[in-house]
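**Q** Below is a structure I'd like to ask you about.
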């Protein structure tokens, strides 16, 4: 189901795609993945991760994520929860992973404030998200199609300025890579609370 809403390859053969490798590579400790969908990315997490907590509000996707979780050796908890009220304690996560989720949140800022709340001091946000394109003509076109796009594709708003939202929520963004996938602008990077 997640691959229908946001169809992105996760693996090439037995290896994660370069984007998934960059998103998840080097993670350690307790990692929270918000809007985990069907759990398709779970096999891409590095062995140094001690626990993965998946938060997903949709019961169908949560059940699929649990099936995926049963296939890996890393301890995984799959929790019911929304993006603006994460069901984990304050300062309890070493990292939070957001992959094509902020575009679907009813409030990206509220979601990012929750991410700040659950991150331990020194923790980081890893993100792979839609990004408003720099080309203003394309940005206007994306704004025009967003209402229909959002209804058809699970609430996705591809024209959001995700980087601005991350910075507005009090994060310092590091090492951002910009790229297009099927002509839709994306960003991949890391952010830490200021």
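**Q** Of all the residues that make up the range 92-102, how many are touching a helix residue (DSSP H, G or I) at 6+ places or on another chain (Cβ under 7 Å) and either at pLDDT below 95 or more than 22 Å from residue 61 (Cα to Cα) (or both)?
**A** Final tally of qualifying residues: 4.
**Q** How do the pairs read when you match residues in the range 37-48 that are without any contact (Cβ under 8 Å) to a residue 24 or more places away in the chain and on the phi < 0 side of the Ramachandran plot with residues anywhere that are exposed (fewer than 15 other Cβ atoms within 10 Å of the Cβ) and part of a loop (DSSP other than H, G, I, E, B), using Cβ under 7 Å and keeping only pairs 6 or more apart or on different chains?
**A** Filtered contacts from the range 37-48: 46/25; 46/26; 48/28.
**Q** Quick check on my filter: what residues within the range 24-37 are assigned to a loop (DSSP other than H, G, I, E, B) and crowded, with 23+ Cβ neighbours inside 10 Å?
**A** Of everything in the range 24-37, those that are assigned to a loop (DSSP other than H, G, I, E, B) and crowded, with 23+ Cβ neighbours inside 10 Å turn out to be 35, 36, 37.
**Q** Do any residues in the range 74-92 that are on the phi > 0 side of the Ramachandran plot and in contact (Cβ under 8 Å) with a residue 24 or more places away in the chain have Cβ atoms under 9 Å from those of residues that are surrounded by fewer than 16 Cβ atoms within 10 Å (Cβ to Cβ) and assigned to a strand (DSSP E or B), where the two are at least six apart or on different chains, and which pairs are they?
**A** 91/120; 91/121
**Q** Taking residue 174 as meeting all but one of (1) on the phi > 0 side of the Ramachandran plot; (2) modelled with pLDDT of 85 or more, write down the number of the exception.
**A** Every condition holds for residue 174 apart from (1).
**Q** Please specify each residue of the range 23-43 satisfying the condition of being farther than 17 Å from residue 69 by Cβ and touching a strand residue (DSSP E or B) at 6+ places or on another chain (Cβ under 6 Å).
**A** Within the range 23-43, 23, 29 qualify.
The values are calculated or read from the model by the stated rules, or taken from the named source; none is laboratory data. Keep in mind that what you see is a predicted model, and the values were worked out from it rather than measured. Positions of Cβ are backbone-derived with ideal geometry, glycine not excepted, and every protein chain shown enters the neighbour counts.
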